[in-house]
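Take a look at the structure below.
The values are calculated or read from the model by the stated rules, or taken from the named source; none is laboratory data. All values derive from a computational prediction rather than experimental measurement. Counting neighbours? That spans all protein chains shown, and the Cβs are built from the backbone with ideal geometry, glycine included.
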Amino acid sequence: MPLQTLAVFFLATVAAGGVAWVFLYPILSGERQVEKRKASVAKPERTPRADPARQGPKVRREQLEETLRELERRQRKAKNPPLSVRIEQAGLRWSRQQFLIVSAVLGAVGFLMGLLMNAGLPVAAVLGVAAAVGAPRWLLAFLKRRREQQFLDVFPDAVDVVVRGIKAGLPLLDCLKVIATEAPEPVRSEFKAIVETQTVGLPLGEACAKLYERVPLAEANFFGIVIGIQQKTGGNLSEALSNLSRVLRDRKRMKAKIKAMSMEAKASAMIIAALPVAVMLLVYLTSPNYIELLWTEPVGRVMLAGCVIWMSLGVLVMKKMINFDF
């Protein structure tokens, strides 16, 4: 019975953490306020296009501003994508209905596990909600981060292939087709989508700009901006992409340096977060009667719930402090 009770409290803690991660973290991190401020400041306006053969400096500047505004609108749209887009970003081939069915099944399994362990209806309901809401979305976020990292590992090499092909005299579309057939995944599938989108009639600049919607990374946005501006205003594309490739590699080295320098802080945060749970397990193994008061007495339950809440807030704060984004 004590082991079952301990398991119930552990599962309830995990469930509370999953719910807090899904619902409270976006509010505490301030991401929503930043997005609202960006939306209130940016006021996109349409600028009429001019004949490329007769465009002067003023017209070129207006076209450049129009392109940047359009890319900014797409960037804001990619911040809160619908569920179907998030599934695609994670690299899954599920439909929205399949994802909801899997979430419902996980929720039912979590609810039944709570009932089978005699945890009571409220605890079983919390487990069911956490399994149905938190677990699938955490899996999507994990798969999305892994796919983005795989994309970043190959993307600079793909840009270099485009640069060498343009310098050799090949058209930009043929260079993209080479990457769409020979590059590793997920770069191959993303550039294949660009080629297929351009084949059905969408301009190449807009097809490249849509890459950011499928891979919401700054590097993909840079690539779309460079291609979009060059398609509308002209310029030396090989030189622009060569500079972009250098920027991508510099960002990759900077991320590796930041990761190496922040590993000590991350290790300290993990030790601090795991220490209360480890001490609780050791005390339970050595003196179970001493620590059982935490879940057998009403005051102990209140103390345990307060500790879970404060530890969750501390973990969120530490995560925000040691995760660097640039």
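Matching residues to (1) touching a Pro at 6+ places or on another chain (Cβ under 8 Å); (2) free of Cβ contacts under 8 Å to residues at least 24 places away in the same chain; (3) of a type outside the set (Gly, Ala, Ser):
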site: 265; (1), (2), (3): no, no, no
site: 268; (1), (2), (3): no, yes, no
site: 271; (1), (2), (3): no, yes, yes
site: 275; (1), (2), (3): no, yes, yes
site: 285; (1), (2), (3): no, yes, yes
site: 300; (1), (2), (3): no, yes, no
site: 305; (1), (2), (3): no, yes, no
site: 314; (1), (2), (3): no, no, no
Handout entry: Pair list, Cβ under 7 Å, 6 or more apart: segment 204-223 residue more than 18 Å from residue 249 (Cα to Cα) and assigned to a helix (DSSP H, G or I), other residue at pLDDT 80 or above and of a type in the set (Ser, Thr, Tyr)
Key = 207/197
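Conditions tested, residue by residue: (1) farther than 15 Å from residue 208 by Cα; (2) basic (Lys, Arg).
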{"site": "145", "(1), (2)": "yes, yes"}
{"site": "152", "(1), (2)": "yes, no"}
{"site": "159", "(1), (2)": "no, no"}
{"site": "163", "(1), (2)": "yes, no"}
{"site": "167", "(1), (2)": "yes, yes"}
{"site": "177", "(1), (2)": "no, yes"}
{"site": "182", "(1), (2)": "yes, no"}
{"site": "189", "(1), (2)": "no, no"}
Exercise for the section: Consider only pairs whose beta carbons are under 8 Å apart and that are at least six residues apart or on different chains; among these, list those whose first residue lies in segment 160-184 and is at pLDDT 85 or above and whose second residue is part of a loop (DSSP other than H, G, I, E, B). Expected result: 161/183
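Does residue 239 meet the test of being of a type in the set (D, E, K, R), farther than 30 Å from residue 85 by Cβ and surrounded by 12 or more Cβ atoms within 10 Å (Cβ to Cβ)? Break it down into steps so the answer makes sense when it comes.
Values: of a type in the set (D, E, K, R): yes; farther than 30 Å from residue 85 by Cβ: yes; surrounded by 12 or more Cβ atoms within 10 Å (Cβ to Cβ): yes.
Yes.
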Handout entry: Residue ID - nearest to the chain's Cα centre (by Cα), chosen from residues in segment 256-306 that are of a type in the set (S, T, N, Q) and within 20 Å of residue 320 (Cβ to Cβ)
Key = 262
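Could you say which residue among 248, 285 is part of a helix (DSSP H, G or I), surrounded by 13 or more Cβ atoms within 10 Å (Cβ to Cβ) and modelled with pLDDT of 85 or more?
248
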